[in-house]
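Readers should treat all values here as calculations from the given coordinates under stated rules, not as data from a laboratory. These figures come from a predicted structure and were not determined experimentally. Here the Cβ positions follow ideal geometry from the backbone for every residue, glycine too, while neighbour counts run over all protein chains shown.
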Amino acid sequence: MLLSFPILIASAFLFWLITGRQYPLPLLIIAGSGWAAWLQNRSRVSVAETGSLAQAVSAGISQDETMFEVSLTSDEIHSEHLLLLENKILLLEEMVEKSQKETIFAMKEAGMFAEELASLRNIRDDRDLHREAEHLAVHEKLLLSDRVAGIASNLASQVTIAMSEAETAVNAAIDRFYGIVTKANEAASGAQEAIGAQNEMSVSRTAALAGEVMSRFLKQMSITGSEIAASAQELQRVSTVAKDLFSLLKEVEDLADQTAMLALNASIEAARAGEAGRGFSVVASEVRKLSDRSRMSAEKMQSLTRTLANLSSTVCKQLGDASVKSLQECSQAKCELSESLDLIQKSDTNTQLALTNLSEHTACLSQDIEQIVVVFQYHDMLHQRLAHVADPLRALRDELSDGRMENGNLIELQATGTDPVNLSMMPKNGACSVGAAPLLTEVSYTDQLDDAVTLF
Amino acid sequence: MSKTALIVDDSSSMRQMVGFTLKGAGFQVIEGVDGQDALTKLKEVPGGKVDIIITDLNMPIMDGLTFIKQARSLPACKFTPILMLTTESGDNRKAEGKAAGATGWIVKPFHPEQMLKVIEKVLPS
């Protein structure tokens, strides 16, 4: 039994080593395991035996010692027995020691054998594992390379899409920006023209001129008014003259009456003279006719003079009214004119102020445009940096797919050199000088000229 | 008669920006998308001569340095001011630019006023 296991194992091992076949291996393992179990069992038994032997020995020793102590005092014959006993103890101790050594050796052997078995099992496992691991590694490498290529390709396409989208967006923004700038420039140049026109002939000067013309006109109007009043007075005198004319005509009428009376008397006297006074009576009737005619003329003249007087007084009244009215209107117009001139003056001041503001805003706008032009360039720089990212990614993808085609080797990822992004170049935020939205600080070109520009 | 400028840059937004600045200063602007395209455009110009050339450094197909060298070999462009406009600011690159025949070097981002000042400086009065 003791030898059967090692022989079995050795023969199996030899068979395996020679043929390299694997089927005795389970047998070998079973035999080995059995032997190891037997050895372990045996060593456990021997340890237990040794323990009990040692116990028995120590019990015997202690008994003998007691006996020795008792007999030492009374009987020295026991000395020989004691010596024998001592020898026996030494022998026993040697035996115990040997047995312990044997046990330890057996345990060691069992351990070594177990280790050997384990390593045998490991060899088998290692071979399989190695093969499997190789297979897995290749598979993993391919998978990994596929995944990396996929990620690289995805990243590259994403970056490309982002770049083209950004390009489109920025171009649209620039187009709009141009529209705004064009309009702003038109507005600004319009304002400049207006300011120029303003300088050439200002509204206030125009207003002053208009005012002057108007006041001259008003003065003329008032003069005319006074002249009308004077004419009215003259006409008043015409009516006085008419009254004088009336009294004069009265006198003419009286003269006619008296002449008629004289003619009557003459005709009476002629009738009394009879035949001799016939000729005279003819003269008398002619004189009466004359007096009638002069009366009629006087009456006609009277009525005409009355009409004249009436007309003159009407005209005089009308003229007086007109002159008063015209003077009133003149003074009112004067008031209104001065008010209008004030308004014009005020609006002119406002216009001037607005134009000044406009020109300030135009100046600010042109500064903003400068800054926007600068800001738009950062897009271009960003674009370039993205290209630095996208190109290596594309190259990586191509490299990975090539590598897979060739031998499936994992390609080492190499960092592709890109320029370090210099963020310090970005301008800092600030505010524009004239009440506009905060944008970018003004850049002193004289300072920058040295850094940014090199002339050869 | 207005002066003519040739702007060479692969970025359309950059060409627009420079063009905008120069048109504002009264220039007529011709654009090239790379060195090769710029050479073609240059040959199409009557007399083969522009007043100033502003070019980028890194461009596909033909880069700025090659373009400058080729442009300098044209008799009409022998003395034309050529400004490089690029994000690169290394002294080595500048030396390369100078060797290729560039008149000046402006680092992006440029300021319109600054660029116009530089152009005023390099243009023969």
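Summary of computed values
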item	result
Chain B, helix-only ellipticity at 222 nm - DSSP H runs n ≥ 4, -39,500 (n - 2.57), divided by all residues, nearest 500	-12500 deg cm²/dmol
Förster radius 45 Å - calculated FRET efficiency between A:LEU155 and B:SER125 (Cβ-Cβ, nearest 0.05)	0.30
Region A:132-144 - phi-based ³J(HN,Hα) in whole Hz, Karplus 6.51/-1.76/1.60, Gly and Pro as x	4, 4, 4, 4, 4, 4, 4, 4, 4, 4, 4, 4, 4
Estimated FRET transfer efficiency when R0 is 60 angstrom, pair A:ARG176-A:PHE105 (beta carbons, to 0.05)	0.05
Backbone HN-Hα couplings from phi across region A:205-221 [Karplus 6.51/-1.76/1.60, Hz, Gly and Pro as x]	5, 4, 4, 4, 4, 4, x, 4, 4, 4, 5, 4, 4, 5, 4, 4, 4
Inter-label distance for A:ALA187 and A:THR240, nm, one decimal - labels placed 7 Å from Cα along Cα-to-Cβ	7.5
Whole-number percent relative contact order across chain B, with pairs defined as alpha carbons under 8 Å at least 6 apart	22
Cα coordinate range in chain B, projected on the principal axes (Å, largest first)	38, 30, 28
Region B:9-78: translational diffusion in µm²/s, Stokes-Einstein, Kirkwood Rh over Cα pairs, 37 °C, 0.692 mPa s	266
Long-range amide H partners of B:GLN28 with built H, under 5 Å	B:LYS3, B:THR4, B:ALA5
Cβ crowding within 10 Å averaged over residues, with B:102-112, A:383-393, A:128-138 ranked highest first	B:102-112, A:383-393, A:128-138
Potential lengthening between A:THR206 and A:GLU140 on full extension [0.36 nm per residue; Cα-Cα distance subtracted]	14.5 nm
Alpha-carbon Rg with Dmax, taken over region B:60-113, Å	11.4, 32
Efficiency of FRET from Cβ geometry, A:ALA37 and A:SER119, R₀ 22 Å, rounded to 0.05	0.75
